[in-house]
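Report on the structure given below.
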């Protein structure tokens, strides 16, 4: 078994307890590596290192260009290692090698290249004499020490989404990757260290969330916490950070609507539903899990969808011919299958899947592509985030009904609209209360496009130049231009007008 170490204060280290966490392959069900089981002592050491690096180190005082150059060096190193990192990501998380190698890893590296340049355009308002007797300058400065907690569904990209805008703006960071999928994040830390990032600027601590994660959220030296995770975890972090009034950036759960209107290109919508619904095994907060289809085209859409589902190749994620690998962990597989049983119990009709994989794949944490129809909007499978390859087909007749169903969940992360009528598409897109809305497609996100939710899907943005604003604070700087000891307004405090 390969043994990894944590990155604390620029040093690779084991935990103080020397305890380990096994890293299990979701395909074989067997451990193939281990990482330190960090505890509160390790987290405090990492926070102290980040605090010192921010308060005394060079990183926050470097120019945007100099910080960007470190990013470009890290991106170059990661590009050279991309095939190995993709293989590691696939083996650890269960996603297919073609998704890891052709989408996730290169996309994340591009994010770093984007931030290296975007930070050089970050500014506040130009100096002006708003008050007449002095110049006002609005400065954007780093927040301080950032605590980041990343999820297990996209380990490498999500770490980049947090590190990217945070460090390039001059902050320092302690990052806790998900315990199930820590390996590629440690490789990201290695590339930054080799690229010349000063010691203590980025610290990576592995360990259980209830211990190291809670310490990160409560510690008074941490100025901000950034999380990508489920809504329940986001609520817990808000409570933990309340005592020290931390800034928060939260990208939480989703239950994406996928509205197919009567004038939609149905074959295109079917293709979009397959891709949008089963991406990453459905373990995606933006996954198209609620297929809200107009009554007049529902039968045609459903037939096309079920035909395409039969063509999805389930198997070894290391093979490029595989379309759907295992879920991340056996315990998550169990949870998803429990949701399938709840759906049946609620009266939804199971049209495809609903089980694990048999034969040679039995040891893996598989759930085969699953489709329900006759789903009512108030059923729990249509309201809650299942986070697996489970799609629900709902039916509507009127435009307002479709919008009401789409908006009728606590989430507001992403959704899509399918129509060949520009007016219908724009009306629906404008009415949806979601942070990302696609028209005649589902999923595209680029380095330049801000991503974040409404409602209980959180607040703040990942990706795009807008995310830089989350990791900076505005300072109001006023400079007197008169040179006078007594200003004209001083009489309002004491004395008489001059």
With respect to residue 275, is the statement that it is assigned by TED's automatic domain parsing to the domain that holds residue 412, part of a helix (DSSP H, G or I) and modelled with pLDDT of 95 or more true? yes
Out of region 20-33, which residues are crowded, with 18+ Cβ neighbours inside 10 Å and in contact with a strand residue (DSSP E or B) (Cβ under 9 Å, 6 or more places away or on another chain)? 20, 21, 23, 24, 25, 33
Looking at region 405-441 only, could you name the residues that are surrounded by 14 or more Cβ atoms within 10 Å (Cβ to Cβ) and farther than 20 Å from residue 268 by Cβ? 405, 407, 408, 409, 410, 411, 412, 413, 431, 433, 434, 435
Given the conditions (1) over 17 Å from residue 152 (Cβ atoms); (2) assigned to a loop (DSSP other than H, G, I, E, B); (3) in contact (Cβ under 8 Å) with a residue 24 or more places away in the chain, report the number of the one that residue 215 does not fulfil. (2)
Looking for something in a helix (DSSP H, G or I), buried (at least 24 other Cβ atoms within 10 Å of the Cβ) and out of contact with any strand residue (DSSP E or B) (no Cβ under 6 Å at 6 or more places or on another chain) - is there at least one such residue anywhere in region 148-155? yes
Quick one: is residue 102 without any contact (Cβ under 8 Å) to a residue 24 or more places away in the chain, within 23 Å of the chain's Cα centre (by Cα), outside the structural domain of residue 317 (by TED's automatic domain parsing) and surrounded by fewer than 18 Cβ atoms within 10 Å (Cβ to Cβ)? yes
In this structure, is residue 467 surrounded by 14 or more Cβ atoms within 10 Å (Cβ to Cβ) and part of a strand (DSSP E or B)? no
Could you please let me know if residue 269 is touching a strand residue (DSSP E or B) at 6+ places or on another chain (Cβ under 6 Å) and either modelled with pLDDT of 95 or more or crowded, with 18+ Cβ neighbours inside 10 Å (or both)? yes
Might you check whether a residue that is over 17 Å from residue 48 (Cβ atoms), in the same structural domain as residue 40 (by TED's automatic domain parsing), more than 18 Å from the chain's Cα centre (by Cα) and modelled with pLDDT of 95 or more occurs anywhere in region 170-181? yes
It is to be established whether one or more residues within region 471-490 are crowded, with 21+ Cβ neighbours inside 10 Å and more than 24 Å from residue 147 (Cα to Cα). no
Based on this model, can you work out whether residue 83 counts as on the phi < 0 side of the Ramachandran plot, surrounded by fewer than 22 Cβ atoms within 10 Å (Cβ to Cβ) and in contact (Cβ under 8 Å) with a residue 24 or more places away in the chain? no
Answer yes if at least one residue in region 446-454 is outside the structural domain of residue 225 (by TED's automatic domain parsing), at pLDDT 95 or above and not in a loop (DSSP other than H, G, I, E, B), and no otherwise. yes
Search region 193-211 for residues being under 20 Å from residue 151 (Cα atoms) and in contact with a strand residue (DSSP E or B) (Cβ under 6 Å, 6 or more places away or on another chain), and hand back the single one that is surrounded by the most Cβ atoms within 10 Å (Cβ to Cβ). 204
Before we move on, is residue 108 farther than 16 Å from residue 192 by Cα, assigned by TED's automatic domain parsing to the domain that holds residue 214, in contact with a helix residue (DSSP H, G or I) (Cβ under 9 Å, 6 or more places away or on another chain) and not in a strand (DSSP E or B)? no
Consider region 327-372. How many of its residues are closer than 16 Å to residue 309 by Cα and within 24 Å of the chain's Cα centre (by Cα)? 3
Taking residue 31 and the conditions (1) more than 20 Å from residue 163 (Cβ to Cβ); (2) touching a residue at least 40 places away in the same chain (Cβ under 8 Å), which numbered condition does it fall short on, given that it satisfies the others? (2)
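The values are calculated or read from the model by the stated rules, or taken from the named source; none is laboratory data. Model, not experiment: these values are computed from the prediction. Cβ atoms come from the backbone with ideal geometry, glycine included; neighbour counts cover every protein chain shown.
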